[in-house]
1. Which members of region 128-181 meet the condition of being at positive phi and not assigned by TED's automatic domain parsing to the domain that holds Ile43?
2. Are there any pairs, at least 6 apart or on different chains, whose C-beta atoms fall under 7 Å, with the first in region 64-78 and assigned by TED's automatic domain parsing to the domain that holds Ile129 and closer than 12 Å to Glu128 by Cα and the second buried (at least 22 other Cβ atoms within 10 Å of the Cβ) and polar (S, T, N, Q), and if so, which?
3. Within region 121-130, is there a residue that is buried (at least 20 other Cβ atoms within 10 Å of the Cβ) and in contact (Cβ under 8 Å) with a residue 60 or more places away in the chain?
4. Assess whether Ala21 counts as being in a helix (DSSP H, G or I), modelled with pLDDT of 95 or more and hydrophobic (A, V, I, L, M, F, W, C).
5. What is the residue count in region 141-167 for residues that are crowded, with 20+ Cβ neighbours inside 10 Å and without any contact (Cβ under 8 Å) to a residue 12 or more places away in the chain?
6. Return the total of residues in region 34-77 being touching a helix residue (DSSP H, G or I) at 6+ places or on another chain (Cβ under 8 Å) and not in a loop (DSSP other than H, G, I, E, B).
7. Among the residues of region 352-359, is there at least one that is among the small types (Gly, Ala, Ser) and modelled with pLDDT of 85 or more?
Amino acid sequence: MEMARDIDSGMPVRAKPAPKAARTWWKVHQWVGLKLSLFMTFILFTGTLAVLSAEIDWLVQPSLRVAPSSVEGPIAWAQIAENARDYPGVAKVNYIGAPTASAFASKVTVEDEAGDLFFLHAHPTTGEIQGTGPWVDAHRVLRNMHRHLNLPTWLGVPIVSSLAFLLLISLVTSFVVYKKWWRGFTKPLRSRDARTWWGDFHRLAGVWSLWFVALITLTSIWYFVESLGGDAPPHPRVEREAPIEEATSEEESLAVAIDAALAAYPGLRVKNVRLPGSDGVLQLNGEYEAVLVRSRSNAVYVDARTAEVLLTTDGRDLNLHQRISEMADPLHFGYFGGYWTKVPWFLFGLAMTGLSLSGAAIYSLRIARERRDRVRLGRSISGMWHGMGRLRWLSNTLIAIGFVFLVFLVLGIQ
(Lines give C-alpha, C1' and ligand atoms only; values in the text may rest on other atoms or scores of the structure.)
Protein backbone atom coordinates (compact mmCIF):
# COMPACT_ATOMS: atom_id res chain seq x y z
CA MET A 1 0.00 0.00 0.00
CA GLU A 2 1.46 3.30 -1.06
CA MET A 3 0.23 5.45 1.79
CA ALA A 4 0.94 2.89 4.52
CA ARG A 5 4.52 2.38 3.40
CA ASP A 6 4.98 6.13 3.00
CA ILE A 7 3.92 6.71 6.62
CA ASP A 8 6.13 3.94 7.93
CA SER A 9 9.29 4.98 6.10
CA GLY A 10 8.90 8.71 5.81
CA MET A 11 10.03 8.50 2.14
CA PRO A 12 8.15 8.76 -1.17
CA VAL A 13 6.98 5.40 -2.48
CA ARG A 14 6.23 4.62 -6.13
CA ALA A 15 4.41 1.35 -5.59
CA LYS A 16 0.91 0.48 -6.68
CA PRO A 17 -1.88 2.69 -5.38
CA ALA A 18 -3.29 1.87 -1.98
CA PRO A 19 -6.70 0.22 -1.82
CA LYS A 20 -9.64 2.56 -1.57
CA ALA A 21 -10.40 1.57 2.03
CA ALA A 22 -6.87 2.42 3.18
CA ARG A 23 -7.01 5.80 1.47
CA THR A 24 -10.34 6.50 3.13
CA TRP A 25 -8.97 5.69 6.57
CA TRP A 26 -6.01 7.97 5.92
CA LYS A 27 -8.22 10.84 4.77
CA VAL A 28 -10.39 10.52 7.87
CA HIS A 29 -7.33 10.46 10.13
CA GLN A 30 -5.89 13.47 8.31
CA TRP A 31 -9.13 15.47 8.40
CA VAL A 32 -9.85 15.12 12.12
CA GLY A 33 -6.21 15.81 12.97
CA LEU A 34 -5.92 18.90 10.78
CA LYS A 35 -9.12 20.86 10.50
CA LEU A 36 -9.37 21.87 14.17
CA SER A 37 -5.71 21.31 15.01
CA LEU A 38 -5.22 24.87 16.24
CA PHE A 39 -8.08 24.68 18.73
CA MET A 40 -7.17 21.12 19.71
CA THR A 41 -3.56 22.13 20.39
CA PHE A 42 -4.70 25.08 22.50
CA ILE A 43 -6.99 22.93 24.66
CA LEU A 44 -4.37 20.21 25.06
CA PHE A 45 -1.65 22.69 26.01
CA THR A 46 -3.77 24.58 28.56
CA GLY A 47 -4.80 21.24 30.07
CA THR A 48 -1.17 20.16 30.28
CA LEU A 49 -0.22 23.35 32.10
CA ALA A 50 -3.27 22.96 34.36
CA VAL A 51 -1.79 19.73 35.73
CA LEU A 52 0.96 21.81 37.36
CA SER A 53 -1.07 24.99 37.86
CA ALA A 54 -0.58 24.91 41.65
CA GLU A 55 3.17 24.78 41.11
CA ILE A 56 2.96 27.74 38.71
CA ASP A 57 1.19 29.72 41.43
CA TRP A 58 3.88 28.64 43.88
CA LEU A 59 6.54 30.07 41.56
CA VAL A 60 4.87 33.44 41.03
CA GLN A 61 3.47 33.99 44.54
CA PRO A 62 6.21 34.04 47.21
CA SER A 63 3.73 34.04 50.10
CA LEU A 64 2.54 30.61 48.98
CA ARG A 65 5.90 29.08 49.88
CA VAL A 66 7.05 27.64 53.21
CA ALA A 67 10.24 25.91 54.30
CA PRO A 68 9.39 22.20 54.65
CA SER A 69 11.62 22.02 57.73
CA SER A 70 9.36 24.54 59.49
CA VAL A 71 6.25 22.37 59.11
CA GLU A 72 5.80 20.19 62.17
CA GLY A 73 2.73 18.38 63.41
CA PRO A 74 -0.85 18.51 62.12
CA ILE A 75 -2.39 21.43 60.26
CA ALA A 76 -3.60 24.13 62.66
CA TRP A 77 -7.05 24.47 61.10
CA ALA A 78 -8.60 26.44 63.97
CA GLN A 79 -5.63 28.80 64.33
CA ILE A 80 -5.60 29.47 60.59
CA ALA A 81 -9.32 30.24 60.65
CA GLU A 82 -8.94 32.62 63.58
CA ASN A 83 -6.00 34.46 62.00
CA ALA A 84 -7.85 34.70 58.70
CA ARG A 85 -10.88 36.26 60.38
CA ASP A 86 -8.65 38.88 61.98
CA TYR A 87 -6.79 39.70 58.76
CA PRO A 88 -7.42 43.25 57.49
CA GLY A 89 -10.07 43.45 54.79
CA VAL A 90 -11.57 40.01 55.46
CA ALA A 91 -15.31 39.94 56.05
CA LYS A 92 -15.88 36.18 55.81
CA VAL A 93 -13.77 33.02 55.80
CA ASN A 94 -15.16 30.22 53.62
CA TYR A 95 -12.65 27.40 53.13
CA ILE A 96 -9.21 26.28 54.20
CA GLY A 97 -7.28 24.02 51.86
CA ALA A 98 -4.47 21.69 52.86
CA PRO A 99 -1.05 22.44 51.33
CA THR A 100 -0.50 20.96 47.87
CA ALA A 101 2.93 19.65 48.92
CA SER A 102 5.45 20.07 51.73
CA ALA A 103 6.76 23.45 50.51
CA PHE A 104 3.28 24.96 50.13
CA ALA A 105 1.25 27.15 52.46
CA SER A 106 -2.42 26.49 53.10
CA LYS A 107 -4.81 28.46 50.91
CA VAL A 108 -7.73 30.13 52.66
CA THR A 109 -10.70 31.29 50.59
CA VAL A 110 -12.06 34.58 51.99
CA GLU A 111 -14.38 37.43 51.04
CA ASP A 112 -14.11 41.17 51.53
CA GLU A 113 -16.97 43.51 52.45
CA ALA A 114 -18.03 43.76 48.82
CA GLY A 115 -18.28 39.98 48.52
CA ASP A 116 -15.23 39.67 46.28
CA LEU A 117 -13.17 36.51 46.75
CA PHE A 118 -9.43 36.26 47.28
CA PHE A 119 -6.95 33.95 49.00
CA LEU A 120 -4.87 34.16 52.13
CA HIS A 121 -1.72 32.05 52.41
CA ALA A 122 -1.19 30.60 55.88
CA HIS A 123 1.63 28.57 57.39
CA PRO A 124 0.16 25.08 57.92
CA THR A 125 1.29 24.54 61.50
CA THR A 126 1.71 28.03 62.98
CA GLY A 127 -1.37 29.50 61.31
CA GLU A 128 0.52 32.71 60.48
CA ILE A 129 -0.91 34.57 57.48
CA GLN A 130 2.01 35.04 55.08
CA GLY A 131 0.26 37.08 52.41
CA THR A 132 -2.60 37.23 49.95
CA GLY A 133 -3.27 35.85 46.50
CA PRO A 134 -5.74 36.79 43.75
CA TRP A 135 -8.86 34.76 43.18
CA VAL A 136 -8.01 34.62 39.47
CA ASP A 137 -4.65 32.86 39.78
CA ALA A 138 -2.84 30.51 37.39
CA HIS A 139 -4.86 27.56 38.65
CA ARG A 140 -8.18 29.24 37.90
CA VAL A 141 -7.10 30.73 34.58
CA LEU A 142 -5.76 27.44 33.20
CA ARG A 143 -8.58 25.25 34.51
CA ASN A 144 -11.29 27.62 33.30
CA MET A 145 -9.68 28.10 29.91
CA HIS A 146 -9.14 24.38 29.43
CA ARG A 147 -12.52 23.26 30.75
CA HIS A 148 -14.96 25.79 29.30
CA LEU A 149 -13.09 28.72 27.67
CA ASN A 150 -14.29 30.95 30.53
CA LEU A 151 -17.79 30.67 29.09
CA PRO A 152 -20.74 29.64 31.25
CA THR A 153 -20.15 25.95 31.96
CA TRP A 154 -23.43 24.84 30.36
CA LEU A 155 -22.09 26.19 27.06
CA GLY A 156 -18.31 25.95 27.34
CA VAL A 157 -17.97 22.40 28.69
CA PRO A 158 -19.83 20.70 25.80
CA ILE A 159 -17.91 22.80 23.27
CA VAL A 160 -14.53 21.77 24.66
CA SER A 161 -15.41 18.18 25.54
CA SER A 162 -16.83 17.56 22.05
CA LEU A 163 -13.21 17.44 20.90
CA ALA A 164 -13.12 14.01 22.56
CA PHE A 165 -14.96 12.55 19.57
CA LEU A 166 -12.26 13.83 17.22
CA LEU A 167 -9.67 12.28 19.52
CA LEU A 168 -11.56 9.00 19.45
CA ILE A 169 -11.63 8.96 15.66
CA SER A 170 -7.92 9.80 15.50
CA LEU A 171 -7.13 7.04 17.96
CA VAL A 172 -9.12 4.37 16.11
CA THR A 173 -7.89 5.32 12.65
CA SER A 174 -4.27 5.43 13.80
CA PHE A 175 -4.27 1.64 14.25
CA VAL A 176 -5.24 1.26 10.58
CA VAL A 177 -3.05 4.02 9.15
CA TYR A 178 0.08 3.01 11.03
CA LYS A 179 0.71 -0.60 10.01
CA LYS A 180 2.40 -2.80 12.61
CA TRP A 181 2.34 0.09 15.04
CA TRP A 182 3.74 -2.04 17.89
CA ARG A 183 7.14 -1.98 16.19
CA GLY A 184 7.41 1.77 16.66
CA PHE A 185 8.32 1.87 20.35
CA THR A 186 12.06 1.84 19.69
CA LYS A 187 12.34 3.48 16.28
CA PRO A 188 14.72 6.49 16.39
CA LEU A 189 14.02 9.98 15.06
CA ARG A 190 15.67 10.57 11.71
CA SER A 191 16.78 14.07 10.70
CA ARG A 192 16.89 13.57 6.93
CA ASP A 193 14.43 16.43 6.42
CA ALA A 194 11.55 18.13 8.21
CA ARG A 195 8.95 15.70 6.83
CA THR A 196 10.89 12.67 8.00
CA TRP A 197 11.54 14.09 11.47
CA TRP A 198 7.94 15.13 12.04
CA GLY A 199 6.71 11.75 10.80
CA ASP A 200 9.05 9.84 13.09
CA PHE A 201 8.14 12.06 16.04
CA HIS A 202 4.43 11.65 15.39
CA ARG A 203 4.67 7.87 15.34
CA LEU A 204 7.02 7.64 18.32
CA ALA A 205 4.95 9.99 20.48
CA GLY A 206 1.79 8.26 19.30
CA VAL A 207 2.68 4.70 20.24
CA TRP A 208 4.00 5.70 23.66
CA SER A 209 0.95 7.86 24.33
CA LEU A 210 -1.75 5.44 23.18
CA TRP A 211 -2.91 4.68 26.73
CA PHE A 212 -2.90 8.35 27.64
CA VAL A 213 -4.84 9.44 24.56
CA ALA A 214 -7.42 6.73 25.32
CA LEU A 215 -7.67 7.89 28.94
CA ILE A 216 -8.11 11.57 28.05
CA THR A 217 -10.63 10.65 25.36
CA LEU A 218 -12.79 8.55 27.68
CA THR A 219 -12.80 11.08 30.53
CA SER A 220 -13.57 13.90 28.10
CA ILE A 221 -16.50 11.95 26.66
CA TRP A 222 -17.73 11.54 30.22
CA TYR A 223 -17.52 15.32 30.75
CA PHE A 224 -19.57 15.75 27.58
CA VAL A 225 -22.20 13.32 28.89
CA GLU A 226 -22.32 15.15 32.22
CA SER A 227 -22.68 18.53 30.51
CA LEU A 228 -25.82 17.29 28.75
CA GLY A 229 -27.50 16.13 31.95
CA GLY A 230 -25.88 12.77 32.60
CA ASP A 231 -24.24 13.81 35.86
CA ALA A 232 -24.34 11.48 38.83
CA PRO A 233 -26.74 11.84 41.79
CA PRO A 234 -25.48 14.26 44.44
CA HIS A 235 -23.63 13.07 47.52
CA PRO A 236 -25.43 12.95 50.89
CA ARG A 237 -25.08 16.19 52.82
CA VAL A 238 -26.58 17.98 55.79
CA GLU A 239 -29.42 20.31 54.87
CA ARG A 240 -30.78 22.67 57.50
CA GLU A 241 -34.49 23.39 57.25
CA ALA A 242 -34.04 27.03 58.22
CA PRO A 243 -31.05 29.33 58.78
CA ILE A 244 -29.82 29.67 62.31
CA GLU A 245 -27.59 32.21 63.96
CA GLU A 246 -23.98 32.46 62.81
CA ALA A 247 -21.80 29.98 64.65
CA THR A 248 -19.39 31.41 67.17
CA SER A 249 -16.08 32.46 65.64
CA GLU A 250 -13.91 31.69 68.66
CA GLU A 251 -10.93 29.51 67.98
CA GLU A 252 -11.57 27.26 70.99
CA SER A 253 -15.12 26.41 69.87
CA LEU A 254 -13.99 25.68 66.31
CA ALA A 255 -11.09 23.55 67.56
CA VAL A 256 -13.50 21.45 69.64
CA ALA A 257 -15.74 20.92 66.62
CA ILE A 258 -12.76 19.93 64.44
CA ASP A 259 -11.53 17.49 67.09
CA ALA A 260 -15.01 15.95 67.25
CA ALA A 261 -15.03 15.56 63.46
CA LEU A 262 -11.63 13.87 63.39
CA ALA A 263 -12.60 11.58 66.26
CA ALA A 264 -15.73 10.53 64.39
CA TYR A 265 -13.73 9.80 61.23
CA PRO A 266 -10.40 8.27 62.26
CA GLY A 267 -8.00 7.88 59.36
CA LEU A 268 -9.47 10.74 57.33
CA ARG A 269 -6.66 12.76 55.70
CA VAL A 270 -8.29 16.17 55.63
CA LYS A 271 -7.81 18.12 52.41
CA ASN A 272 -10.18 21.02 52.96
CA VAL A 273 -12.37 22.49 55.67
CA ARG A 274 -15.59 24.38 54.99
CA LEU A 275 -16.11 26.76 57.86
CA PRO A 276 -19.58 27.16 59.38
CA GLY A 277 -21.83 29.80 57.90
CA SER A 278 -25.41 30.69 58.66
CA ASP A 279 -26.30 27.00 58.93
CA GLY A 280 -23.71 26.47 61.67
CA VAL A 281 -22.31 23.35 59.96
CA LEU A 282 -18.59 22.61 59.84
CA GLN A 283 -17.57 20.29 57.00
CA LEU A 284 -14.31 18.39 56.58
CA ASN A 285 -13.43 16.60 53.33
CA GLY A 286 -10.45 14.43 52.55
CA GLU A 287 -8.94 11.12 51.53
CA TYR A 288 -9.77 7.80 53.09
CA GLU A 289 -9.75 4.25 51.73
CA ALA A 290 -11.63 4.69 48.45
CA VAL A 291 -9.29 5.21 45.51
CA LEU A 292 -9.78 7.61 42.61
CA VAL A 293 -12.46 9.74 44.24
CA ARG A 294 -12.50 13.44 44.94
CA SER A 295 -12.15 14.70 48.49
CA ARG A 296 -15.83 15.55 48.68
CA SER A 297 -16.66 11.81 48.68
CA ASN A 298 -15.24 11.40 52.20
CA ALA A 299 -16.83 13.96 54.46
CA VAL A 300 -17.85 14.61 58.05
CA TYR A 301 -20.41 17.25 59.07
CA VAL A 302 -20.44 18.71 62.58
CA ASP A 303 -22.64 21.23 64.35
CA ALA A 304 -20.06 23.91 65.15
CA ARG A 305 -22.04 25.14 68.18
CA THR A 306 -22.41 21.81 69.96
CA ALA A 307 -19.66 19.67 68.32
CA GLU A 308 -22.36 17.13 67.47
CA VAL A 309 -21.47 14.93 64.49
CA LEU A 310 -24.35 15.16 62.03
CA LEU A 311 -23.22 12.97 59.12
CA THR A 312 -20.23 11.05 57.76
CA THR A 313 -19.83 9.82 54.18
CA ASP A 314 -17.43 7.24 52.75
CA GLY A 315 -16.33 7.13 49.11
CA ARG A 316 -16.61 3.35 49.17
CA ASP A 317 -20.39 3.66 49.53
CA LEU A 318 -20.90 5.47 46.21
CA ASN A 319 -22.91 3.74 43.50
CA LEU A 320 -21.41 2.92 40.10
CA HIS A 321 -22.62 6.13 38.46
CA GLN A 322 -21.11 8.24 41.23
CA ARG A 323 -17.82 6.34 41.17
CA ILE A 324 -17.44 6.92 37.44
CA SER A 325 -18.11 10.61 37.98
CA GLU A 326 -15.62 10.80 40.83
CA MET A 327 -12.90 9.01 38.85
CA ALA A 328 -12.99 11.45 35.94
CA ASP A 329 -11.08 14.37 37.46
CA PRO A 330 -8.29 12.37 39.19
CA LEU A 331 -7.68 10.39 36.01
CA HIS A 332 -7.96 13.37 33.67
CA PHE A 333 -5.54 15.61 35.58
CA GLY A 334 -3.44 12.92 37.26
CA TYR A 335 -3.34 14.38 40.76
CA PHE A 336 -4.37 11.17 42.56
CA GLY A 337 -0.78 10.09 43.25
CA GLY A 338 0.88 13.43 43.96
CA TYR A 339 4.01 14.14 41.94
CA TRP A 340 4.34 10.44 41.09
CA THR A 341 1.38 10.88 38.73
CA LYS A 342 1.32 14.63 38.08
CA VAL A 343 4.75 14.68 36.45
CA PRO A 344 4.01 11.79 34.04
CA TRP A 345 0.63 13.36 33.21
CA PHE A 346 2.38 16.64 32.42
CA LEU A 347 4.97 14.95 30.19
CA PHE A 348 2.41 12.85 28.34
CA GLY A 349 0.27 15.97 27.99
CA LEU A 350 3.17 17.66 26.23
CA ALA A 351 3.54 14.60 24.00
CA MET A 352 -0.16 14.68 23.17
CA THR A 353 0.07 18.39 22.34
CA GLY A 354 3.02 17.55 20.10
CA LEU A 355 0.91 14.88 18.38
CA SER A 356 -1.67 17.49 17.46
CA LEU A 357 0.96 19.83 16.03
CA SER A 358 3.01 17.18 14.29
CA GLY A 359 0.00 15.59 12.61
CA ALA A 360 -0.90 18.88 10.98
CA ALA A 361 2.74 19.54 10.08
CA ILE A 362 3.07 16.13 8.39
CA TYR A 363 0.10 16.91 6.19
CA SER A 364 1.40 20.30 5.11
CA LEU A 365 4.91 19.03 4.43
CA ARG A 366 3.57 16.10 2.44
CA ILE A 367 1.60 18.54 0.28
CA ALA A 368 4.73 20.66 -0.18
CA ARG A 369 6.72 17.62 -1.28
CA GLU A 370 4.03 16.50 -3.73
CA ARG A 371 4.19 19.98 -5.25
CA ARG A 372 7.97 19.63 -5.37
CA ASP A 373 8.37 22.66 -3.11
CA ARG A 374 11.28 22.85 -0.73
CA VAL A 375 10.42 20.89 2.44
CA ARG A 376 11.21 23.04 5.46
CA LEU A 377 9.74 23.91 8.84
CA GLY A 378 8.36 27.28 7.75
CA ARG A 379 6.21 25.58 5.15
CA SER A 380 4.78 23.26 7.78
CA ILE A 381 3.38 26.25 9.66
CA SER A 382 1.91 27.93 6.60
CA GLY A 383 0.67 24.60 5.30
CA MET A 384 -1.13 23.92 8.57
CA TRP A 385 -2.82 27.29 8.37
CA HIS A 386 -4.04 26.86 4.80
CA GLY A 387 -4.86 23.17 5.27
CA MET A 388 -7.38 23.93 8.01
CA GLY A 389 -9.48 25.81 5.47
CA ARG A 390 -12.44 27.76 6.76
CA LEU A 391 -12.39 25.86 10.04
CA ARG A 392 -9.28 27.81 11.04
CA TRP A 393 -11.56 30.77 11.66
CA LEU A 394 -13.69 28.65 13.98
CA SER A 395 -10.56 27.68 15.93
CA ASN A 396 -9.41 31.30 16.09
CA THR A 397 -12.84 32.48 17.21
CA LEU A 398 -13.10 29.93 20.01
CA ILE A 399 -9.62 30.74 21.30
CA ALA A 400 -10.34 34.46 21.10
CA ILE A 401 -13.57 33.96 23.05
CA GLY A 402 -11.59 32.27 25.80
CA PHE A 403 -9.28 35.28 26.15
CA VAL A 404 -12.09 37.84 25.93
CA PHE A 405 -14.01 36.14 28.72
CA LEU A 406 -10.79 35.83 30.67
CA VAL A 407 -10.66 39.62 30.76
CA PHE A 408 -14.21 39.62 32.13
CA LEU A 409 -13.19 37.05 34.75
CA VAL A 410 -10.20 39.11 35.88
CA LEU A 411 -12.33 42.26 36.07
CA GLY A 412 -15.01 40.41 38.04
CA ILE A 413 -17.69 41.05 35.42
CA GLN A 414 -18.78 37.39 35.18
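1. Within region 128-181, Gly131 is the sole residue that qualifies.
2. Partner pairs satisfying both residue conditions: Ile75/Ser106.
3. yes
4. Here the answer is no, as Ala21 does not meet what is asked.
5. Of the residues in region 141-167, 1 are crowded, with 20+ Cβ neighbours inside 10 Å and without any contact (Cβ under 8 Å) to a residue 12 or more places away in the chain.
6. Looking only at that region, the number is 25.
7. Yes - at least one qualifying residue is present in region 352-359.
The values are calculated or read from the model by the stated rules, or taken from the named source; none is laboratory data. This is a predicted model, so every value here is computed, not measured. Glycine also receives a Cβ, built like all others from the backbone with ideal geometry; neighbour counts cover every protein chain displayed.
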